[in-house]
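Data block below; observations after.
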Amino acid sequence: MQTHYSVLYQEEEGEMITYCLHKKIGSIPWARLAEGHLARPRGTQKTTRETTAQYKRTLKNSDQEIIVRVESRGKNHSVLKAQIAIPARLDEAIPGGLKLTAEEITSLEEPYQAKSVQGHL
């Protein structure tokens, strides 16, 4: 299965990803960096990708708070935002051996608000 999956979009986690794990079906997450929102510094110019994306992301206040927290965790650990954002949803080690604590992961997930399902035609 191929689906959106990031700290800004978690809608597939409850059913589809759980089902895939249960049935041993592979899952390929995409848009892990949310069109760059979880990679580049806040306030930088928009990219072409943001304007041409098939599923344009409108950021809610909760999304902005998650982005701030991802950036803060990156600074605290002296790593890039992307190094925090990518493994945060999959409980993976951050490249370089750093692993987020349960409290740090909870802090990133806490502001999340449900969204409508994206990516299905």
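Read-outs throughout are calculated quantities, based only on the coordinates presented, and are distinct from any laboratory measurement. Values in this document were obtained by computation on a predicted structure and should not be read as measured data. We place every Cβ from the backbone using ideal geometry, glycine too, and count neighbours over all the protein chains shown.
What is the sum of charges around Ala82, taking Lys and Arg as +1, Asp and Glu as -1, for the other residues whose C-beta is under 11 Å from the C-beta of Ala82? Counting the neighbours of Ala82, the net charge comes to +2. Placing dummy labels 7 Å off each Cα toward the beta-carbon, the span from Asn61 to Gln2 is 3.7 nm.
Calculated FRET efficiency, Ser27 to Lys99, Cβ-Cβ distance, R0 = 25 Å: about 0.75 to the nearest 0.05.
Between Ser72 and Thr44, the FRET efficiency from the beta-carbon distance, with R0 = 22 Å, is close to 0.85.
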